[in-house]
1. With the crude spin-label approximation of a point 7 Å out along Cα→Cβ, what separation in nm comes out for LYS59 versus LEU35?
2. Give me the distance in nm between label points sitting 7 Å out from Cα along the Cα-to-Cβ direction at GLU81 and TYR3, one decimal.
3. On C-alpha positions alone, give me the angle between the axis of helix 55-71 and the longest principal axis of the chain, in degrees, nearest 10.
4. What order do you get for 58-71, 16-29 when each peptide is scored by the mean count of other beta carbon atoms within 10 Å, highest first?
5. Taking every DSSP beta bridge that has both residues in the chain, what percent is antiparallel when rounded to the nearest 5?
6. Quick check for you: with a 1.4 Å probe and neighbouring chains kept, what is the accessible area per residue of the range 33-86, in Å²?
Amino acid sequence: MTYCELWLESKGGLAQFRVALLVPKEFEQPEGFTLTDTQHDTDKKFYVSEWYDGIAKAKKAIDAAAKFYSDRDLKFLYFREIRKPK
């Protein structure tokens, strides 16, 4: 099954957050995401958003990304966790 993965990353403790997407090569990504040099999987591309001050803006951004995939009937996993950036 092909699916996208979405989660939040933090730096500086809980001061700044960004959205991370692990996207299959055949999927589009929402606007505002940048392809990173760090790749986790050969079948998927790793994208990140800008850094946001505070969790509220990052939460809105991850919800918008989830809606982007939902509107296109594409499967995704939405992890409700905060990871350290890679």
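1. If labels sit at LYS59 and LEU35, their model points lie 3.3 nm apart.
2. 1.4 nm
3. 10 degrees
4. Working: 58-71: 16.6, 16-29: 18.8.
In decreasing order of mean packing, 58-71, 16-29 become 16-29, 58-71.
5. Working: 16 of 21 bridges.
Of the beta bridges lying entirely in the chain, close to 75 percent run antiparallel.
6. Values: 3810 Å² over 54 residues.
Averaged over the residues of the range 33-86, the accessible area is 71 Å².
The values are calculated or read from the model by the stated rules, or taken from the named source; none is laboratory data. Please read these numbers as outputs of a predicted model, since none were measured by experiment. Cβ: placed from backbone, ideal geometry, glycine included. Neighbour counts: every protein chain shown. Heavy atoms of the whole protein, side chains included, go into the accessibility calculation; ligands, DNA and RNA do not. Shrake-Rupley method; radii C 1.70, N 1.55, O 1.52, S 1.80 Å.
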